[in-house]
Amino acid sequence: MALRHGTGAAEVREALHRLSTLSLVRPSESDGTGFHAVAPALGMELLLARQQAKVEASRVAAAQLVAEYSALGPTGRESDSEQLVSVEEIRDRLARFGETAESEVMTFAPGGAHSAADLAASREPNAALLSRGIRMRTVYLDSVRNHQPTEEHVSWLSARGGEVRTTASLPIRLIIIDRKQALLPAQVTDARKGAVLVRSEGTIAALCALFESVWAAATPFGTKPEPDPQGLTRQEAEVLRLLASGMTDEAISKKLGVSPRTARRIAADLLERLDARSRFEAGVHAVQDGWLPSTR
């Protein structure tokens, strides 16, 4: 066909690459050597999914940089950041936030389901905030949707005006108070290593933008998350992305707030659906099939 129209092989390859980048063609499933056209509507959905994946990766990287930069300690005005080393310091500061918040509290709560005792202990300060008309928005992980104590807690919050959404993974543990100060881990990989309280106007603006972006894409707790154009749940899509980035089952389980056994089961199912014998091969097939964005 290329020869008939006087088109060189290099031009054909370039054209196929551009069409594949735009999700308008995909490799043939029969032998993998040819291509077939993708319906424009589906192509647009695939392209948007790829762009969303890139935005998510950038968002996570930005959050990590903000946390690590803030953890270095004050770099401008002395009051721009403050290190909280002990658990008691963090608890005292959170209690003070509950007493002094004036308009809004925004929270990322990664780590999976909290214990029934911890949830119950949080009700008194939450009730005090909500009774004063403070807007409370919290983003949990999708994995808490099947946890009965969390379901009961969310129902309790919602009845008092609290707003809760969930997403597959969260970039960081975070609490923002009145869009003026924020509490985040001193180490992104281990929230037990203390916390950093930041007040820098620029940093707070970036963290608020991060929260709003995640909040907008998250699903209200009472609504079931919809699968993506490939039929993947958000958890499956996130596991696939994390597998392709080289994460272990244990690291993935912590990121999604699920057990290592559940992470292994999801990974094994994805490998089977992609007809892949290894995680590397699964990543290759996922890019070829449009399940993951190409790095080219």
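Since every read-out is calculated from the coordinates, none of them should be taken as a lab result. Note that the structure is a prediction, hence the values are computed from the model and not measured. Cβ placement follows ideal geometry from the backbone for every residue including glycine, while neighbour counts extend to all protein chains displayed.
Points worth noting:
- For the range 205-296, a crude dipole built from +1 on the beta carbon of Lys and Arg and -1 on the beta carbon of Asp and Glu, taken about the Cα centre, is about 240 debye to the nearest 20.
- Contour minus Cα-Cα distance for Ser158 and Val85 (0.36 nm per residue): 23.0 nm
- Only Lys, Arg (+1) and Asp, Glu (-1) charged, at Cβ; the range 122-226 dipole about Cα centre in debye: 260 debye
- FRET efficiency for Ser122 and Arg277, using Cβ-Cβ distance with R0 set to 45 Å, rounded to 0.05: 0.45
- Highest mean packing first, where packing is the average number of other Cβ atoms within 10 Å per residue, the peptides 85-96, 157-168 line up as 157-168, 85-96.
- Using the Cβ-Cβ distance between Leu94 and Thr223 with R0 set to 25 Å, the FRET efficiency works out to roughly 0.30.
- Positive-end ranking of Met247, Leu292, Ala268 along the dipole of the range 233-296, with charges on Cβ about the Cα centre, is headed by Met247.
- Sorted peptide list for 171-179, 237-245, criterion being average Cβ within 10 angstrom, highest first: 237-245, 171-179
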